[in-house]
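The structure under discussion appears below in the form of structure tokens.
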Amino acid sequence: MSVAGTYKTVVKSPMGDQSGTFTVVPGDDGNTFTGSMAGGMGSMDVEDGKIDGNKLTWKMNMTVPMPMTLDCEATVDGDQLTGNVNAGAFGAMPLTGEREG
């Protein structure tokens, strides 16, 4: 099953649950992806997105509330997405999501 799609996500952050929409657009090679995470604090583009089977790894550059690079990883199982957003000194924040449509 493809990992492509739009997922309604929740990140459990120190500032409370952050709801968002995560889009995954696989590249032609099937090993990379682009997309974005959009939520209450704006939108961040996926950078260096990689696909390994049903596992995704990517980075995002957060600007609000402070500039920081987020290292992210998630596994897609059916229509469910689970993983972590690593925010440097703030540690790993659990990420969950469900594919829309």
Fill in: Per-pair calculated FRET efficiency, R0 = 25 Å: T57 and S19 via Cβ, rounded to 0.05
0.70
Discussion item. Modelling each spin label as a point 7 Å along the Cα-to-Cβ direction, I'd like the Q80/D29 distance in nm, to one decimal.
Written reply: 3.2 nm
Worksheet item: In what order, largest first, do M66, M44 sit by accessible area if the probe radius is 1.4 Å?
Response: M66, M44
Worksheet item: Could you list, bin by bin from short to long, the percent of Cα-Cα pairs of the chain in 5 Å steps?
Response: 3, 14, 26, 30, 17, 8, 3, 0
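The values are calculated or read from the model by the stated rules, or taken from the named source; none is laboratory data. Model, not experiment: these values are computed from the prediction. Quick reminder, even Gly has a Cβ in these numbers, built from the backbone with ideal geometry, and neighbours come from all protein chains shown. Just so you know, the surface numbers come from the protein's heavy atoms only, side chains and all, with ligands and any DNA or RNA stripped out. Shrake-Rupley method; radii C 1.70, N 1.55, O 1.52, S 1.80 Å.
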